[in-house]
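Enquirer: If you scroll down you'll find the structure; I have some questions about it.
The values are calculated or read from the model by the stated rules, or taken from the named source; none is laboratory data. Given the structure is predicted, the values throughout are model-derived calculations rather than measurements. Glycine also receives a Cβ, built like all others from the backbone with ideal geometry; neighbour counts cover every protein chain displayed.
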Amino acid sequence: MREIGSARGEADALTALGDLAHSAGRPGEARTRYTQAQHVLADTGSTGQSRISERLARLDAPSPNRGRDLDLTATRPPPRRAP
């Protein structure tokens with residue numbers, strides 16, 4: 001998005017990457033992406049910083065899964081056997 005000059009698109013992409021990182025249990029990466037999105041919006045005077053602030057606040061909120069590793073392999077189906 002940066003290459004085509006769409007600051008709003010860049011901020012939306014960074015926010016989506018932050019959401020994915022947060023969902024995957026990587027709060028540090030999520031915070032980095034959200035902060036980058038805030039800077040892009042601030043530099044352009046664009047609106048939307050409040051939604052980023054809300055996401056950053058969620059990272060600081062207590063979570064029942066905080067401190068636990070996220071096991072993404074638990075939902076993976078068993079490997080297929082060759083016929």
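Enquirer: For the range 30-40, what are the residues that are of a type outside the set (Ser, Thr, Tyr) and within 20 Å of ASP60 (Cβ to Cβ)?
Expert: ALA30, ARG31, ARG33, GLN36, ALA37, GLN38, HIS39
Enquirer: What tally of residues in the range 56-72 results from selecting those that are modelled with pLDDT under 60 and either more than 14 Å from PRO27 (Cα to Cα) or surrounded by 13 or more Cβ atoms within 10 Å (Cβ to Cβ) (or both)?
Expert: 2
Enquirer: Does SER23 satisfy the condition of being in contact (Cβ under 8 Å) with a residue 12 or more places away in the chain and either among the basic types (Lys, Arg) or loosely packed, with under 15 Cβ neighbours inside 10 Å (or both)?
Expert: No, not satisfied.
Enquirer: Surrounded by 11 or more Cβ atoms within 10 Å (Cβ to Cβ), outside any helix (DSSP H, G or I) and modelled with pLDDT under 90: is that true of SER53 in this structure?
Expert: no
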